[in-house]
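One structure below.
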Amino acid sequence: MLVMKFGGTSLGDRERIDTVVTLVRGRLDRRPVVVCSAHAGVTDLLLEGAHRAAAGKPDLTAIREREHALLASLKLSPKLVAGDLERLDQMFRGLALLGELTPRSLDQVAAFGERMSVKAIAAVLRRRRIPATAVDADEAGLLTDGRYGRARPLPEAYRNLARSLKKVKGVPVVTGFIGCDAEGHVTTLGRSGSDFTATIIGRALGVEEVEIWTDVSGVLTADPRIVPGARPVEHLTYAEASELAYYGAKVIHPSTIQPAVEKGIPVRILNTMDPAAEGTVIAPARRGRRARVTSIASKRGIHLVNIVSGRMLGQSGFMARVFDVFKHHDVIVDLIATSEVSVTVSVDDATGLAAVADELKAFSKVSVKGDAALIAVIGERMKRASGLAGRVFTAIGNVNVPVLAISYGATKTNLQIVVPEAQEREAVRALHAELFGEE
Ligand code: ADP
Ligand code: ASP
Ligand code: MG
């Protein structure tokens, strides 16, 4: 068996959807399960629509027009999504009456993009004589915790999915991105969450491979929007891919690799626009023992928190106390750098940070600085690439970008530096030129 996940751009217009049909047909002997995102742009429209509705302006026009235009181009009836649009309309009116938008209602709205896209894709497949059934993952048992907007699967999800997907007639075409919590409320796995759905289903069914079809020919050596000459990476280890995704490479959702790791399932990143391209294989280990840097990722919107407590820093228990405060407010720390007198940590989601700073102030001096970007240079066994740190600092120094913090951890899969956000692009380009050469 095989999971084939198609992202928003792969489902964005008729031409791409034609390619999707050809790809699925070519793999029918491997019993594919298809996982779909919403058509490109639809999730954004839904989220904007929900906010506008809660501000008193419920308006479904943009979403309805986008869905209807796409169905028309596929020669499918608008009736296919009439029920979904009707429910969405009721929800928007409800939000306007209430005048508020909870994370729970936002997830409920956001889920409609995938609900509508699977109906269209299953219908197109059937019309081309490929038996297929649209499946809503929440109804198929993708049970999650109740963290709206960033839910994670519960252990029962795998059993439930295996049981219900086995009963589906023809190719199951399953909604990415969505699940439901124990109370039956809809949840989402976070932006780009369909990648995560693909490996969750892959693990549930014990498939031989998960294919993630997108609009680039694999994971590239850097974000192509920053480095136009970035090149595909042929092979990544699970650890490298997880770090890349975590540190901002948008090409896969940060949690995508976890379910694959548990069963050793290879994940392949492929290009719908160029299906013959090799793409990237993400698998447990790479052949050959050569140390090398595989890619560069970066995240903006980083805050640096500097914590100074001359009196206590050297004493045992101080660090534990500091991190207890972060834990208490559910604030996730990325980079940690310590010196004799201070601890600096970076945080990419500032929600809760003000409360953290207040609590830390009870026993230390705290300063918080925003407008930073975190750049991660990734590669397993990089520790053997001697001189790497020197090359990194020289390259960044040559373009006059100040380094605000650094961390080079014990696993050495990852060298992280924090720079001013305004100079992120310059720094990434300089690093790419140094580590991968100009293209
Ligand atoms: P999909 O709609 O298929 O899920 P996404 O837009 O979520 O696609 O992800 C693909 C995009 O990720 C690419 O078009 C590219 O702009 C961006 N990207 C960022 N970093 C990388 C990287 N290291 N390798 C490949 N793509 C990257
Ligand atoms: N449609 C969702 C999003 O836009 C999930 C996904 O595309 O993977 O984030
Ligand atoms: Mg994506």
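The values are calculated or read from the model by the stated rules, or taken from the named source; none is laboratory data. Since the model is a prediction, treat every value here as computed from it, not as a measurement. Note that we place each Cβ from the backbone using ideal geometry, even for glycine, and neighbour counts take in every protein chain shown. In case anyone asks, the SASA skips ligands and DNA or RNA and just uses the protein heavy atoms, side chains included. Shrake-Rupley method; radii C 1.70, N 1.55, O 1.52, S 1.80 Å.
The charge dipole of the stretch 66-146, taken about the Cα centre with unit charges on the Cβ atoms of Lys, Arg (+1) and Asp, Glu (-1), comes to about 700 debye, rounded to the nearest 20.
Suppose R0 equals 51 Å; then what is the FRET efficiency for R30 and A422 from their Cβ-Cβ distance, rounded to the nearest 0.05? Once rounded, the FRET efficiency stands at 0.60.
Round to the nearest 0.05 the FRET efficiency obtained for R93 and H68 when R0 = 22 Å and r is the Cβ-Cβ distance. That gives a FRET efficiency of 0.65.
Residues whose amide H lies under 5 Å from that of E209, counting only those 5 or more places away or on a different chain, are V3; hydrogens are built 1.01 Å from N in the peptide plane.
Sorting F393, F92, F363 by solvent-accessible area of protein heavy atoms yields F393, F363, F92, largest first, with a 1.4 Å probe. In percent, rounded to a whole number, the relative contact order of the stretch 33-146 is 34, using alpha-carbon pairs under 8 Å and six or more apart. For the stretch 3-157, dividing the convex hull volume of the Cα atoms by the residue count gives 107 Å³ per residue. Rolling a 1.4 angstrom probe over the chain with all protein chains present gives an accessible area of which 51% lies on carbon and sulfur atoms. Only the Cβ atoms of Lys and Arg (+1) and of Asp and Glu (-1) were treated as charged; on that basis the dipole of the chain about its Cα centre amounts to roughly 1220 debye.
Legend: translational diffusion of the stretch 63-102 by Stokes-Einstein, Rh = Kirkwood radius over C-alpha pairs, 20 °C, 1.002 mPa s; D = 191 µm²/s. Each of M1, I17, T43 was placed along the dipole of the stretch 1-49 (beta-carbon charges, centred on the mean Cα), and the one lying farthest toward the positive end is M1. Each listed q (0.11 Å⁻¹) maps to a log10 I(q)/I(0) for the stretch 100-227, found by the Debye formula over equal Cα scatterers with no solvent: -0.41. Calculated FRET efficiency, A433 to M319, Cβ-Cβ distance, R0 = 51 Å: about 0.85 to the nearest 0.05. Rolling a 1.4 angstrom probe over the protein heavy atoms with all chains in place gives the chain an accessible area of 44 Å² per residue. One decimal place: the segment F363-R147 gains 74.7 nm when fully extended, by the rule 0.36 nm per residue minus the C-alpha distance.
Working from Cα pairs under 8 Å separated by at least six residues, relative contact order for the stretch 80-164 is 23 percent. With all projection directions averaged, the alpha carbon convex hull of the stretch 211-290 covers 5.4 nm².
The DSSP beta bridges internal to the stretch 227-359 are antiparallel in roughly 80% of cases.
When the stretch 161-254 is described by a simple charge dipole with +1 on each Lys and Arg Cβ and -1 on each Asp and Glu Cβ, the residue from L236, C180, G218 located farthest towards its positive end is C180. Computed on protein heavy atoms with a 1.4 Å probe, the accessible areas place M319, M91 in the order M319, M91, largest first.
In this model, which of K57/K327; K166/K299; K57/K79; K250/K327; K119/K250; K250/K365 are farther than 32 Å apart at the alpha-carbon? Too far apart for the 32 Å limit: K57/K327; K166/K299; K250/K365. Secondary structure note: in the stretch 120-226, about 45% of the DSSP beta bridges are antiparallel.
Cα extents for the stretch 159-241 along the principal axes, largest to smallest and rounded to whole angstrom: 45, 28, 25. Sorting 196-204, 350-358 by average packing, meaning the other beta carbons within 10 Å per residue, from highest down gives 196-204, 350-358. With the chain treated as a Gaussian network of Cα nodes joined by springs under 10 Å, which of G390, G99, G184 yields the largest mean-square fluctuation? Result for the chain, Cα springs under 10 Å: G390 fluctuates most. Looking at the chain, the DSSP beta bridges with both ends there are about 60 percent antiparallel. Residue ranking by accessible heavy-atom surface, 1.4 Å probe, largest first, among Y238, Y148, Y408 comes out as Y408, Y148, Y238. Over all distinct Cα-Cα pairs of the chain, the Kirkwood formula returns a hydrodynamic radius of 23.2 Å.
Report note on the peptides 115-125, 69-79, 100-110: ranked by the mean count of other C-beta atoms within 10 Å, highest first, their order is 115-125, 100-110, 69-79.
Across all directions, the average projected area of the convex hull around the alpha carbons of the stretch 32-121 is 5.8 nm². Helix-only arithmetic for the chain: the sum of -39500 (n - 2.57) across DSSP H runs with n ≥ 4, divided by the residue total, places the mean residue ellipticity at 222 nm at -11500 deg cm²/dmol.
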